[in-house]
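Report on the structure given below.
What follows is calculated from the coordinates using simple rules that are stated; it is not laboratory data. Given the structure is predicted, the values throughout are model-derived calculations rather than measurements. Neighbour counts run over all protein chains shown; Cβ positions are idealised from the backbone, glycine included.
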């Protein structure tokens, strides 16, 4: 079926009162970005829905792209037919019923809405005319008003008829950016990309903070974090990736802090640095992928000892999810296979054999005093590497020049 | 010079050799090394794999690089035997397989496996019915070639696959060495096939390189154990220059494949049309959809195949007795023998094998030379 436009319905944002205009504007912008590869389309935002006119672009591909835009409740592929061509309306309505109700005994209904009151046929006339036509062509079907198998929606507007029968659930959530901006601590594991996805879903624009410790961690670990960011960018648009040099701090901690507290002190540094970056980037909160009790650093005692360094809101979207639930989301957003690739990351390399699962806050503070925290952090902050990651960017396996390889092959 | 012995081997294409040289110079690192020089070579290796997989319509994880067709055949057959011996020790193959298959089977027989060698009919085809009849509860592997290397008979792979649909635990291996770039895409993509083996030098890649397709989740044992390359399935430092060269050669041979196949078929038809006008000729490779477009096997009964080969050689035209692998040993063709062709005819068989470099003009030159040779021997023998 040659669809001519996609009609997207807004979700929760319908309830957001006077902010509505901003929300629609933001969603419009996000949809425009997500659909940038489709140069022919035109977007017309209206009060409670958005019309995306395809102008020949593939409805299927556009719908796949829309599946990743938060703030869309549902969408429908629609066929527009000239107001003068009622025969064509009948033909298309029948084609839709044939597609959706291939088997005998299934039920259908025509649901007409008319905003063009000058059109000579009224709602009932149209319902009857189309219903009769379809019943004649498909005597094996039954008409049913309540919960039919197929409901063909017909809208009569001033510029023509709009027919649809499919309603697809969108990505739900709120348009990215409407909830403000935050930074997210991205390790490279399974959990943090999922946390990023969930933050985006609630409309939070995120920037990634990644700690890099060469030569203890390989460049592949950094590339993996960037490639995960590229996956998340499918939902976010281009994402800022902030790389924090962490080797010197880790070495200093390793030298001066007792083994049982290495991890706790290291985590406090990470959080303090992330908070400084957040302030610098005008973020309002910190997100991470911690899940209660999953590892030593994620017990409530550890969280308390680590969280001690800031009063900034720290949001942990996966805090209460089981690993299996997190993995299910990771698979859905296509980060799982990448996350499980085995490269050392900065969390595992200095992990002592038996970290404290219940670190004592006072002791933690005491051990940390052996270090020149400010000097170390200032140095790290002065050497941040900031880049932008786009959806589809590749980093792993890009050691050789792509053009050189393609010439060879 | 006319080279009509492309089923024996092909000339390495200049652009393919160029890749081989450049990779040897600029991507010399060991793909297993952690450092950038090694990782660069690893990128090339994996992109080569990706390209081969895309060209074959399979996943990159299903492609393994080998040293060629012989290794591929040995590996799949013995690797399956090792893996599945606890479930059964019966294997089915045909009497017309390449020696790499036949002799792997002979070796397994010495180790206690039982092998059924399916016969072929007079035209050179295995029958799916005879396969169905040979299957036993302890059958673990069926290995049947796609295109016979001696006469070009295309075996009924789809029909065999249908028989095997009912026997999902049996591994199905297809030696596809002669089938690549010859218009058999649909045959090689038959979904029931579990393993395919290929050889690079049959399509203008260098010697010493080939690849195996192994369907994901089909388990078999490695033949070469060691450093764990190729996901622990085929150890040995990867032959990166040859692998990249083969990936390129494969791309080239599959570009405009239809056109190239049509040209080879046109040459074969012109040769056939002429040979068929001669008295006393025996043609083993007719113009039919179940014969490959590039192989033409025929006999001038009474004249030994080697004599014909040398007579053409004097005119700088290079053909072969039925297959290069057995041609020096002077044994008569195993395929023709399996087809129950009388010895004196089988001994006279020669094979013309074409590729995309050959032209119709060469066919005309061949025909002229053929007539001289034919008339010369007709006086002596017929």
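Give the Debye-formula value of log10 I(q)/I(0) at each listed q (0.16, 0.29 Å⁻¹), with one equal scatterer per alpha carbon of segment A:163-228, two decimals each. Values, matching the q order: -0.63, -1.19. In whole Å, how far is the Cα centre of segment B:299-320 from that of segment A:69-99? Cα centres, segment B:299-320 to segment A:69-99: 71 Å.
Would you mind putting B:367-374, B:44-51 in packing order, based on average other-beta-carbon counts within 10 Å, highest first?
B:44-51, B:367-374
Placing dummy labels 7 Å off each Cα toward the beta-carbon, the span from residue A:247 to residue B:279 is 8.9 nm. I'd like the distance separating the alpha-carbon centroids of segment B:65-134 and segment B:162-180, in whole Å. For segment B:65-134 versus segment B:162-180, the Cα centre distance is 11 Å.
Quotient of the Cα radius of gyration of segment A:181-389 and 2.2 N^0.38 Å, N being its number of residues: 0.95.
Above 19 angstrom, tally the Cα pairs of segment B:201-286 and express them as a % of all pairs, no decimals. Summing the P(r) tail past 19 Å for segment B:201-286 gives 63 percent. For the protein assembly as shown, DSSP calls about 55 percent of its internal beta bridges antiparallel.
When the Gaussian network model of chain A links Cα atoms closer than 10 Å, the mean-square fluctuations of A:172, A:321, A:128 top out at A:128.
Each Cα pair under 8 Å and six or more residues apart adds its sequence gap; the mean of these over the residue count of chain A is a relative contact order of 17 percent. No solvent, one uniform scatterer per C-alpha: report log10 I(q)/I(0) for chain A via the Debye equation at q = 0.06, 0.08, 0.11 1/Å, two decimals. So the normalised log intensities work out to -0.35, -0.57, -0.87. FRET efficiency for the pair residue B:272 and residue B:117, taken as 1/(1 + (r/R0)^6) with r the Cβ-Cβ distance and R0 = 22 Å, rounds to 0.15.
Need one number: % antiparallel among DSSP beta bridges in segment A:181-389, to the nearest 5.
Rounded to the nearest five, the antiparallel share is 25 percent.
With a simple spin-label model that places each label point 7 Å from the Cα along the Cα-to-Cβ direction, the separation between residue A:343 and residue B:127 comes to 6.0 nm.
Residue by residue along B:17-28, Cβ atoms of other protein chains within 10 Å of the local Cβ number 2 on average.
Largest GNM mean-square fluctuation across B:284, B:172, B:28, computed for chain B with C-alpha springs under 10 Å, falls on B:28.
Evaluate 2.2 N^0.38 Å with N set to the residue count of segment B:41-132, then give the Cα radius of gyration divided by it.
1.35
Scaling against 2.2 N^0.38 Å puts the C-alpha radius of gyration of segment B:14-254 at 1.01.
Convert 25 °C to kelvin, take the viscosity as 0.890 mPa s, use the Kirkwood radius over C-alpha pairs of the protein assembly as shown as Rh, and evaluate the Stokes-Einstein diffusion coefficient in µm²/s, rounded to a whole number. Write down the numbers at each step before the final one.
On the way: Rh = 32.1 Å.
Once the numbers are plugged in, D ends up at 76 µm²/s.
At the listed q of 0.16, 0.25 Å⁻¹, the Debye profile of segment A:183-284, built from one uniform point per Cα, gives log10 I(q)/I(0) equal to -0.72, -1.39. A viscosity of 1.567 mPa s and a temperature of 4 °C, combined with the Kirkwood radius over C-alpha pairs in the Stokes-Einstein formula, give segment A:83-126 a diffusion coefficient of 107 µm²/s. As a length-normalised measure over Cα pairs under 8 Å and 6 or more apart, the relative contact order of segment B:96-172 settles at 30 percent.
Restricting to Cα atoms and excluding each atom paired with itself, what does the Kirkwood estimate give for segment A:5-171 in Å?
Computed over segment A:5-171, the radius equals 17.0 Å.
Taking 7 Å steps out from each Cα toward its Cβ at residue A:122 and residue A:19 produces label points 4.3 nm apart.
Among beta bridges identified by DSSP and lying wholly in segment B:14-254, the antiparallel ones come to about 40 percent.
Fully extending the segment from residue A:402 to residue A:28 would add 131.1 nm, taking 0.36 nm per residue of separation and subtracting the current Cα-Cα distance.
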